[in-house]
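S.K.: Attaching a single structure in structure tokens format; questions to follow.
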Amino acid sequence: MRRGVAGGYPSTWLGTTPSLSRGWWFVVGSCATLVATAFTSPVRGADVEKGKAVFEQCAACHSLDGTGDYDGPTLKGVIGRKAGSLEDYRYSAAMKRSDVVWDAATVDQYVADPQAFIPGNRMAFAGISDKTQRDDLIAFLAVATKDTNSK
Amino acid sequence: MATRLREVDVVIVGLGWTGGILAKELSEAGMRIVALERGGMRATNPDFAIPLIRDELKYAVRNALMQNPARDTLTFRHSPSEPSLPMRQLGSFLPGEGLGGAGVHWNGVTWRWTGIDHAARTYYEQRHGKSFIPADMPIQDWPMTYAELEPYYDKFERTAGVSGKAGNIRGTKQPGGNFFEQSRDRDYPLPALESSYSQILFNDATAQMGYHPFPRPCANASRAYTNPDGSRLGACVYCGHCERFGCEANAKGSPHITVIPKAMAQPTFELRTHSWVTKVMLDSTKKKAIGVAYTDVSNGQEYEQPAAIVALCAYAINNVHLMLLSSIGTPYDATTQKGIVGKNYCYQPGGGGVTLFFEDKIFNPFMATGAFGIAIDDFHANDQFDRAAMGALGGATINVGQSNGRPIGYRPVPAGTPRWGAEWKKATAKWYLRAMNIGVTASNMPNRYNAYDLDPTYKNVFGQPLLRLTYNFLENDKKVIAYVGQKAAEIARSLNPTSMTGPGTLGDYNIVPYQSTHNTGGAIMGSSPGNSAVNKYLQSWDVPNVFVVGASAFPHNSAYNPTGPVGALAYWTADAIKKRYRQRPGLMT
């Protein structure tokens with residue numbers, strides 16, 4: 001009922017190489033709006049503040065800064081990271097096997113319907129069917145999960 | 001030889017909701033606490049992570065999160081004239097074990113009891129006359145009023161993340177809430193959950209009939225929520241694996257994600273798991289506890305933990321067992337009606353419910369939460385409800401919930417369907433999606449013979465006498481079920497189902513099939529040592545440095561589930577210890 005934009009982004013968009021990721025960070029950080037929204041939402045840009053409110057649904061289990069005791073893996077530095085790759089978190093086999101690298105497109109598909117995108121993963125979340133909310137969330141994550149210590 | 005440990009301020013026996021609340025409140029006040037939990041450590045990740053937690057066979061059938069009856073159980077008989085036999089498999093009720101206790105595997109229904117329950121004897125005498133109360137029904141008032149407990153109900157609702165709709169805020173009726181609710185200071189912390197189709201049908205049908213439907217308050221978070229202590233709850237995903245399971249989404253208000261981690265963050269708090277308390281140790285006067293004796297069940301090592309305060313926070317049944325094993329207070333004798341400890345055991349009669357089958361409706365029962373539902377209180381908390389017509393005290397709520405649609409346990413089929421074989425298979429495939437249930441949850445008034453004592457024959461793994469339960473349903477219960485069951489059937493008929501089964505009648509209590517884990521009484525609270533085991537602060541009249549916290553304190557059982565007042569009373573007791581007992585130990589008045 002809510003596969004939403006699965007496949008809606010060109011798979012090469014943003015890319016996953018470190019240099020491209022950094023370039024994307026620059027765009028996001030400077031104007032707080034995802035270029036991606038231009039493909040699907042010409043009227044309204046993604047809204048970081050609204051995304052922060054959407055993130056409250058995630059905050060029960062995920063930290064943004066790697067501190068505290070949470071049931072889910074931290075999202076610090078998640079964009080550009082291979083799914084299931086944090087060494088100190090015990091992921092499901094499904095997540096580790098997934099070959100997904102987190103970027104705006106994969107986060108969008110995952111959050112739209114987590115079990116459809118990576119079947120058998122352990123995240124206890126039904127998904128966000130509203131594309132605008134997902135865009136806002138991704139815009140927020142792009143800013144808030146930035147790992148300033150990583151190279 | 002037991003190893004004697006260093007004295008602490010408080011030793012807490014059992015770390016579920018009540019123990020967790022005391023642990024947090026008292027450790028944050030700087031008191032040195034040791035909590036002894038007979039089961040193991042638990043955390044949502046990995047213990048309740050999907051997909052493994054959705055194992056119906058392991059958790060719902062084989063009771064992975066519950067007490068092991070091979071180690072300790074209770075014996076049962078219907079009346080003093082019968083021999084008692086040990087319950088070797090769990091059935092009618094499921095005491096939890098392990099960190100969080102039953103607060104992990106409960107469904108989450110979180111009522112506030114009303115003034116009718118808080119002042120049961122006074123209310124029924126005034127409303128229906130003294131002769132309306134049978135001579136063998138020792139009901140009594142709670143020692144505190146609803147108004148006194150209101151802030152503590154509120155505190156518990158906010159801790160546990162209760163979803164609901166207020167019916168009465170500071171005396172003003174609120175549309176959509178429970179019309180018969182007592183006045184409350186503010187609304188629930190979270191809005192009600194989405195209703196299922198069956199709940200919407202029930203809501204509309206009962207409103208049409210002039211009843212007052214409302215969403216049942218439940219500790220299943222309707223949206224993500226951070227409680228006042230900073231504990232984070234996720235949103236319920238309607239997964240249908242709630243009761244008998246831990247919550248994968250941290251959406252069920254549970255002590256292991258709220259109060260217990262807050263206590264564990266305190267330097268003055270220490271948790272010891274696999275620590276089975278066998279006895280409260282008293283000094284030579286028998287008026288003062290000096291600590292508890294416990295066994296580390298992982299290696300058999302015995303310990304003595306001295307403490308200035310002993311807080312019994314085990315499951316209601318086990319609190320009473322520990323009091324009797326430790327000779328705290330006078331054991332109740334049903335023959336002479338002398339003594340107190342073990343008195344007024346109550347349960348929760350069911351059987352008045354109706355299952356409806358519709359050729360033309362699809363209910364998707366797998367979309368379920370432990371506690372969401374629509375209820376009517378017209379035959380329970382309603383002061384205008386004419387109990388003379390029913391001929392009984394108390395009453396029952398009528399509810400449509402849908403706690404699960406799991407493949408092993410949920411197989412509704414119409415009456416007359418064969419129990420197995422091709423016809424059954426055809427029927428279960430057809431009706432799985434097309435059935436809904438209207439439930440009736442009744443109050444239970446005490447009776448002089450419904451009580452606990454120590455079994456003269458059977459012993460647990462530590463060589464101690466098992467707790468013996470003598471219990472049966474009585475005339476009052478049968479009348480409530482018969483009367484309210486007919487009301488449920490009228491509502492059902494108004495929905496024009498293809499067929500329906502029920503309501504049943506209430507016969508003898510059967511301890512084998514699951515009914516509810518709502519066991520109350522045995523260490524009841526009251527206004528004097530003559531009528532109660534504990535005072536209004538749940539403090540033992542006989543041994544004032546022992547507090548006995550939980551549903552064991554209820555003098556009767558309401559038609560409401562017990563956890564709301566259990567949580568409120570735990571906060572109430574913690575407050576009394578912090579603000580009064582600590583400054584001036586001794587019996588509080």
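S.K.: Considering only region B:3-40, state which residues are open to solvent by 10 Å² or more (accessible area, probe 1.4 Å), over 22 Å from the mean Cα position of the chain (by Cα) and either under 30 Å from residue A:122 (Cα atoms) or not aliphatic (A, V, I, L, M) (or both).
M.R.: Scanning region B:3-40 gives B:3, B:4, B:6, B:7, B:9, B:28, B:30, B:32.
S.K.: Here are some residues: B:211, B:188. Which one is farther than 30 Å from residue B:496 by Cα, outside any strand (DSSP E or B) and either of a type outside the set (Phe, Trp, Tyr) or away from every other protein chain (no Cβ under 14 Å) (or both)?
M.R.: Only one candidate passes the filter, namely B:188.
S.K.: Here is a further query. Go through the residues of region B:300-318 one by one and say whether even a single one is open to solvent by 30 Å² or more (accessible area, probe 1.4 Å) and under 19 Å from the mean Cα position of the chain (by Cα).
M.R.: For region B:300-318, residues open to solvent by 30 Å² or more (accessible area, probe 1.4 Å) and under 19 Å from the mean Cα position of the chain (by Cα): present.
S.K.: Can you name the residue in region A:75-106 that is under 11 Å from the mean Cα position of the chain (by Cα) and free of Cβ contacts under 8 Å to residues at least 40 places away in the same chain and, of all such residues, is nearest to the other protein chains (Cβ to nearest Cβ)?
M.R.: Ranking the candidates gives A:83 first.
S.K.: Sticking with this one: Output the number of the condition that residue B:327 fails; it satisfies all remaining conditions of (1) away from every other protein chain (no Cβ under 14 Å); (2) open to solvent by 50 Å² or more (accessible area, probe 1.4 Å); (3) at negative phi.
M.R.: It is condition (3) that residue B:327 fails.
S.K.: Counting only residues that are outside any loop (DSSP other than H, G, I, E, B) and of a type outside the set (Phe, Trp, Tyr), how many does region B:191-208 have?
M.R.: So the count comes out to 10.
S.K.: Determine which single condition residue B:261 fails, assuming it passes every other condition in (1) within 11 Å of another protein chain (Cβ to nearest Cβ); (2) within 25 Å of residue B:96 (Cβ to Cβ); (3) assigned to a loop (DSSP other than H, G, I, E, B).
M.R.: (3)
S.K.: Counting just the residues of region B:45-84 that are more than 14 Å from chain A (Cβ to nearest Cβ) and among the polar types (S, T, N, Q), which one comes out most open to solvent (accessible area, probe 1.4 Å)?
M.R.: Selected residue: B:81.
S.K.: If I filter region A:122-151 down to residues being over 14 Å from residue A:52 (Cα atoms) and of a type in the set (Gly, Ala, Ser), which single residue comes out as surrounded by the most Cβ atoms within 10 Å (Cβ to Cβ)?
M.R.: A:124
S.K.: Whether any residue in region B:504-518 is assigned to a helix (DSSP H, G or I), charged (D, E, K, R) and touching a Phe, Trp or Tyr at 6+ places or on another chain (Cβ under 9 Å) is what I want to check.
M.R.: Scanning region B:504-518, I find no residue that is assigned to a helix (DSSP H, G or I), charged (D, E, K, R) and touching a Phe, Trp or Tyr at 6+ places or on another chain (Cβ under 9 Å), so the answer is no.
S.K.: Working carefully through the options B:299, B:250, find the one that is within 14 Å of chain A (Cβ to nearest Cβ) and either among the acidic types (Asp, Glu) or part of a loop (DSSP other than H, G, I, E, B) (or both).
M.R.: Going through B:299, B:250 in turn, just one is within 14 Å of chain A (Cβ to nearest Cβ) and either among the acidic types (Asp, Glu) or part of a loop (DSSP other than H, G, I, E, B) (or both): B:250.
S.K.: Tell me yes or no: at least one residue of region A:128-136 is touching a helix residue (DSSP H, G or I) at 6+ places or on another chain (Cβ under 6 Å) and closer than 16 Å to residue B:51 by Cα.
M.R.: No, region A:128-136 contains no residue that is touching a helix residue (DSSP H, G or I) at 6+ places or on another chain (Cβ under 6 Å) and closer than 16 Å to residue B:51 by Cα.
S.K.: Follow-up question, since we're still on this one. Restricting attention to region B:214-245, report how many residues are away from every other protein chain (no Cβ under 11 Å), under 19 Å from the mean Cα position of the chain (by Cα) and part of a loop (DSSP other than H, G, I, E, B).
M.R.: The qualifying residues number 7.
S.K.: I've got another one for you. Considering only region A:77-121, how many residues are closer than 21 Å to residue A:65 by Cα and either part of a loop (DSSP other than H, G, I, E, B) or open to solvent by 30 Å² or more (accessible area, probe 1.4 Å) (or both)?
M.R.: 18
S.K.: How many residues, within region A:44-74, are out of contact with any helix residue (DSSP H, G or I) (no Cβ under 6 Å at 6 or more places or on another chain) and more than 14 Å from chain B (Cβ to nearest Cβ)?
M.R.: 4
S.K.: If you check residue B:268 against the conditions, is it more than 26 Å from residue B:103 (Cβ to Cβ), touching a helix residue (DSSP H, G or I) at 6+ places or on another chain (Cβ under 7 Å), more than 14 Å from every other protein chain (Cβ to nearest Cβ) and polar (S, T, N, Q)?
M.R.: So residue B:268 does not fit the description; no.
S.K.: Of all residues in region A:117-142, how many are of a type in the set (A, V, I, L, M) and away from chain B (no Cβ under 13 Å)?
M.R.: 4
The values are calculated or read from the model by the stated rules, or taken from the named source; none is laboratory data. Quick caveat: nothing in here was measured; it's all calculated off a predicted structure. Heads up, the Cβs are rebuilt from the backbone with ideal geometry, glycines too, and the neighbour counts pull from every protein chain shown. Quick note on the areas: whole protein, heavy atoms, side chains included, nothing else; ligands and nucleic acids left out. Shrake-Rupley method; radii C 1.70, N 1.55, O 1.52, S 1.80 Å.
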